[in-house]
Amino acid sequence: MLFSCLTLGTTNCGYAQQPQKKIPIHMTALNFPGATQFNHKGLFDLLVAHVDLTNGIAMDYQVTIPARGARIFYSRDTDCIIPATLLDVYYEGYDVLSTTSFATVDYVAFTQSSNVKIVNKMQLQGKLIGIVRDEGKWDLKKRLQIPNAKYIELIDVRSMIGMLAKGRLDAIVHDATIVISALKRFRLENIEYDINSPILVDDLGIVCHKSPQTEEYIRQFNIELDSLLQGPGLAKFHSQIEIE
């Protein structure tokens, strides 16, 4: 833990602050509004920053578009990735380890309000569906397995919502929390969805390529996460979120 002179109740400290421990880790975050953002003010950004500060860890933390971030991870040009789906099939052929899950993502189908509300993925048969562009093993199309569906892979959530609002897509499928936050941000009200009818459900955490450094980081992260979950959980960060 780092302490300042003011924290100690004096303005005349006779010693330097405790330096941060250098755990040489490069973390890549996938840009999703409300969760991990370029301004580092999403919920998961704040969680990582809290863990780093609590444990005196300094890391290289960079946010990038989802497809590029996944590509960087699979080419082993980064140590860890957030948010990452905790599905073993996504990491076959890689020696990875992960944190405890700190969130669940519900993939929900969104349509224009003039269309039927989607409560079952089979209603999407033959439809033109927008998804965020995947990379490598993160293939949402294969997971959805919707007969005769056609997909447009887009760079980010904002692009998906824009095309849906303009009627260029029949539906989009993505994390409900992220899309709903974006809809509020852009004040779009003509979008239909059922929050209680997810198409897919995944656990989320941080996934890292295994090394002594990442093993130590994940150990420390899980200890602090467990402490948070026994108390207020991630709710303590909600007031600090600044949606881009």
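Among (1) surrounded by fewer than 16 Cβ atoms within 10 Å (Cβ to Cβ); (2) in contact with a strand residue (DSSP E or B) (Cβ under 7 Å, 6 or more places away or on another chain); (3) modelled with pLDDT of 90 or more, which single condition is Cys208 missing?
Among (1) surrounded by fewer than 16 Cβ atoms within 10 Å (Cβ to Cβ); (2) in contact with a strand residue (DSSP E or B) (Cβ under 7 Å, 6 or more places away or on another chain); (3) modelled with pLDDT of 90 or more, the lone unmet condition for Cys208 is (1).
Residue-by-condition table, conditions (1) in contact (Cβ under 8 Å) with a residue 24 or more places away in the chain; (2) among the acidic types (Asp, Glu); (3) surrounded by fewer than 16 Cβ atoms within 10 Å (Cβ to Cβ):
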{"site": "Thr111", "(1), (2), (3)": "yes, no, no"}
{"site": "Lys117", "(1), (2), (3)": "yes, no, yes"}
{"site": "Asn120", "(1), (2), (3)": "yes, no, yes"}
{"site": "Leu128", "(1), (2), (3)": "yes, no, yes"}
{"site": "Ile146", "(1), (2), (3)": "yes, no, no"}
{"site": "Ile155", "(1), (2), (3)": "yes, no, yes"}
{"site": "Arg158", "(1), (2), (3)": "yes, no, yes"}
{"site": "Ile180", "(1), (2), (3)": "no, no, no"}
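Taking interchain pairs and intrachain pairs at least six residues apart, which have beta carbon atoms under 8 angstrom, with the first residue in the stretch 69-97 and under 20 Å from Pro212 (Cα atoms) and among the acidic types (Asp, Glu) and the second open to solvent by less than 50 Å² (accessible area, probe 1.4 Å) and assigned to a loop (DSSP other than H, G, I, E, B)?
Filtered contacts from the stretch 69-97: Asp79/Ser211.
Give just the number: which of (1) surrounded by 14 or more Cβ atoms within 10 Å (Cβ to Cβ); (2) within 24 Å of Leu86 (Cα to Cα); (3) of a type in the set (Ser, Thr, Tyr) does Tyr193 not satisfy?
For Tyr193, the failing item is (2).
From the residues in the stretch 106-121 that are of a type in the set (S, T, N, Q) and outside any loop (DSSP other than H, G, I, E, B), which one is farthest from Leu140 (Cα to Cα)?
First, pick out the residues of the stretch 106-121 that are of a type in the set (S, T, N, Q): 111-115, 120.
With outside any loop (DSSP other than H, G, I, E, B) added as a condition, the list becomes 111-112.
Working: Thr111: 18, Gln112: 21 Å.
For the stretch 106-121, the residue satisfying everything is Gln112.
Provide a single number: the residues in the stretch 21-54 that are over 17 Å from the mean Cα position of the chain (by Cα) and open to solvent by 40 Å² or more (accessible area, probe 1.4 Å). If you could, list the steps in order and put the result at the bottom.
Initially, the stretch 21-54 is screened for residues over 17 Å from the mean Cα position of the chain (by Cα), giving 21-25, 52-54.
The next check asks that each one be open to solvent by 40 Å² or more (accessible area, probe 1.4 Å); those that pass are 21-22, 24, 53.
So the answer is 4.
Looking only at the stretch 68-101, filter to residues that are open to solvent by less than 20 Å² (accessible area, probe 1.4 Å) and of a type in the set (A, V, I, L, M, F, W, C); which one of those is nearest to Ile218 (Cα to Cα)?
Cys80
With respect to Asn12, determine if the residue is open to solvent by 20 Å² or more (accessible area, probe 1.4 Å), out of contact with any Leu (no Cβ under 7 Å at 6 or more places or on another chain) and at pLDDT below 75. Give the derivation first.
Working: open to solvent by 20 Å² or more (accessible area, probe 1.4 Å): yes; out of contact with any Leu (no Cβ under 7 Å at 6 or more places or on another chain): yes; at pLDDT below 75: yes.
Yes; evaluated as a whole, the condition is true for this residue.
Could you please let me know if Thr85 is under 18 Å from Pro198 (Cβ atoms) and within 14 Å of the chain's Cα centre (by Cα)?
Values: under 18 Å from Pro198 (Cβ atoms): yes; within 14 Å of the chain's Cα centre (by Cα): yes.
Yes: the conditions hold for Thr85.
Hand me the list of helices (runs of 4 or more DSSP H) wholly inside the stretch 129-244 holding 2 or more residues that are under 26 Å from Phe110 (Cα atoms) and touching a Pro at 6+ places or on another chain (Cβ under 6 Å). Steps first, answer last, please.
Values: elements: 140-144, 157-165, 176-186, 212-229.
Helices (runs of 4 or more DSSP H) meeting the threshold: 176-186.
Condition (residue is closer than 18 Å to His174 by Cβ and among the charged types (D, E, K, R)) applied to the stretch 99-113: is it met by at least one residue?
The initial filter retains those residues of the stretch 99-113 that are closer than 18 Å to His174 by Cβ, namely 103-113.
If we keep only those that are among the charged types (D, E, K, R) too, we end up with 106.
Yes.
Tell me, please, whether a residue that is out of contact with any strand residue (DSSP E or B) (no Cβ under 8 Å at 6 or more places or on another chain), open to solvent by less than 50 Å² (accessible area, probe 1.4 Å), charged (D, E, K, R) and closer than 30 Å to Leu124 by Cα can be found in the stretch 218-232.
Looking through the stretch 218-232, none of the residues is out of contact with any strand residue (DSSP E or B) (no Cβ under 8 Å at 6 or more places or on another chain), open to solvent by less than 50 Å² (accessible area, probe 1.4 Å), charged (D, E, K, R) and closer than 30 Å to Leu124 by Cα.
The values are calculated or read from the model by the stated rules, or taken from the named source; none is laboratory data. Since the structure is predicted, the reported quantities are computational estimates derived from the model, not experimental observations. Note: ideal-geometry Cβ built from the backbone for every residue, glycine included; neighbour counts use all protein chains shown. The area values use the complete protein model at the heavy-atom level, side chains included, leaving out ligands, DNA and RNA. Shrake-Rupley method; radii C 1.70, N 1.55, O 1.52, S 1.80 Å.
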